[in-house]
1. What strands (runs of 3 or more DSSP E) completely inside the range A:102-218 contain at least 1 residues that are of a type in the set (S, T, Y)?
2. Quick one: which residue in A:L96, A:L115, A:L111, A:L120 is of a type in the set (A, V, I, L, M), facing chain B (nearest Cβ under 9 Å) and open to solvent by less than 20 Å² (accessible area, probe 1.4 Å)?
3. Hey, could you check the range B:189-224 for residues that are closer than 30 Å to B:G47 by Cα and touching a Leu at 6+ places or on another chain (Cβ under 7 Å) and say which is surrounded by the fewest Cβ atoms within 10 Å (Cβ to Cβ)?
4. In this structure, is B:I175 within 30 Å of B:M1 (Cα to Cα) and under 17 Å from the mean Cα position of the chain (by Cα)?
5. Looking at A:Y140 and the list (1) surrounded by fewer than 18 Cβ atoms within 10 Å (Cβ to Cβ); (2) under 20 Å from B:A150 (Cα atoms), which single condition is not satisfied?
6. Go through the residues of the range A:39-52 one by one and say whether even a single one is modelled with pLDDT under 90, among the polar types (S, T, N, Q), out of contact with any Ser or Thr (no Cβ under 7 Å at 6 or more places or on another chain) and not assigned by the TED database to the domain that holds A:G134.
7. Give A:S165, A:S116 a once-over and let me know the one that is over 17 Å from A:F91 (Cα atoms) and not β-branched (V, I, T).
8. Name the helices (runs of 4 or more DSSP H) wholly inside the range B:1-87 in which the number of residues that are buried (at least 22 other Cβ atoms within 10 Å of the Cβ), modelled with pLDDT of 85 or more and out of contact with any Asp or Glu (no Cβ under 6 Å at 6 or more places or on another chain) is 2 or more.
Amino acid sequence: MDSILKVTNLNLKIPDRTLFSNLSFEIPRRKLTCITGENGVGKTTLIKHLLADLSHDYEEHAKFMVSRDQVQYVPQLRSIDDEYPLCIRDFAAFGLKTNSIFLNKEAKEKLAAILSETNLTKIADRPLGRASGGEKQRAYLAQALCADPKLLILDEATASLDQTSKHELLKMLRNVMKEHGLTIMFITHDPELIAAYADYELHLADKSGKLINKGDKN
Amino acid sequence: MLQYDFMRYAFIAGIFIALICGVMGVFVVARQTSFFTHTLSEIGFSGASFGVFAGISPLAGMLLFTCSSALLIGFSGEKLGRRESSISVFSGLFLGLGILFLSLSNKQANYATSILFGSIVGINRSSIDILVGLSIFLLLVIFLLFKRLAYNSFDSQGAEYNQRFNKSISIIFLIMLALTISITAQIVGSLLIFVLLTIPASAAKYFAHTLKKMIVLNFLFALFGIWFGLVLSWVTDLPVSFFITVIEALIYGSAILKEHFETYQK
């Protein structure tokens, strides 16, 4: 299998218990893999652990075929309250790999293209605090896409969304996956979404994990 | 009034203080660390009186105290600085220490008030030079690290995972804040610097939604407060700190009113 991440014999402990022992799996490249499992099984902890290993170039148990710079992680919780003032455009631009105060023409065009791809162009000048749940998730996605990732990891991105926004976001993810040649790992509980959109499911249970082929969705 | 050197210096100092607060304030408010900023200015007061007590200059004492606190908070995680109880503890402790050092060094009470409330109309050429030097240094750092500082301030969770050297950026920001407070406190006092770093930026976020507009508006609010406060103080012979605080509070009040009516109409 052409994989973007290969985990072999990983043991992961937190202070009071063992989360995983001898965990091995692979994540297929350019596919959407849902990471599933009961609450508290350690999905988020596992991802954070793998990312920390990647940052420290520690490849003993987890080998990524990309660099840390090419991975974007969209965390589950972000403290964006109703009064969050910054507009969606400026928020998304944080993902751009530039240090300058002023964006050059190329960066501006890229930002505009990504905002249009994530269907945010019309509301790009609105404060993010006023955006709906679905719009916020799309803004997080836009920010991540601005960084040109090869691997995109989303943590429970649909947890607080209504039915329509959920499907809208997943359709959008499949679309950007194809357009940008991305690999997506998506932590979720939602069986409906897994059935409709996942190419693979990594099911975590009993300190171990199993990759299940859910059939090609293209 | 501008025929006097000390008034000209005060107006010039106002420009640079407004410049620094214009940028730093936007980040302080975005990080929701207004109260840590308040604590840091009290730590500054404590440091200044330690400087007097130990026989080094008040500025050196202030820099020592504020920078080491910034490093402590930076390394132990900024959450510590947001926790209400730790704010009360630090705030109270350092005010107490400040009073202790002043009493041990046998300085009169008016020295304490000058550290706390500053004396923008009593500054000399050399304080202006230090202020201008600091402003140039801070603006240069901001220019070089602008996006990283903004990402770190406006989206701390996103930056934590997706920005390299993010923790170092947090520490750099806190040191910049400590420098801002120490140097501007010599001029406007450690209490007023807290006002200028937080109130105009809190107001600006209701009027502007892009980073650049927020910074420009914040600068204008701060500058207007300082300059108009100086004029009013000149005319009435009452303390300038009082006028600056009132003007900034009025600006904030009008921002809240505007926000209230806009939400009400929807």
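The values are calculated or read from the model by the stated rules, or taken from the named source; none is laboratory data. A quick note: this is a predicted structure, and the numbers were derived from the prediction, not measured. Quick reminder, even Gly has a Cβ in these numbers, built from the backbone with ideal geometry, and neighbours come from all protein chains shown. Please note that ligands, DNA and RNA were not included when accessible areas were found on the heavy atoms of the full protein model with its side chains. Shrake-Rupley method; radii C 1.70, N 1.55, O 1.52, S 1.80 Å.
1. Per the criteria, A:183-187, A:200-205, A:208-213.
2. A:L96 is the lone residue from the list that is of a type in the set (A, V, I, L, M), facing chain B (nearest Cβ under 9 Å) and open to solvent by less than 20 Å² (accessible area, probe 1.4 Å).
3. Step by step, filter the range B:189-224, then rank; the result is B:L191.
4. Taking the combined requirement at face value, the residue does not satisfy it.
5. In the conditions (1) surrounded by fewer than 18 Cβ atoms within 10 Å (Cβ to Cβ); (2) under 20 Å from B:A150 (Cα atoms), A:Y140 misses (1) alone.
6. Yes: the range A:39-52 contains one or more residues that are modelled with pLDDT under 90, among the polar types (S, T, N, Q), out of contact with any Ser or Thr (no Cβ under 7 Å at 6 or more places or on another chain) and not assigned by the TED database to the domain that holds A:G134.
7. Exactly one residue qualifies, and that residue is A:S165.
8. Qualifying helices (runs of 4 or more DSSP H): B:5-30, B:34-54, B:58-76.
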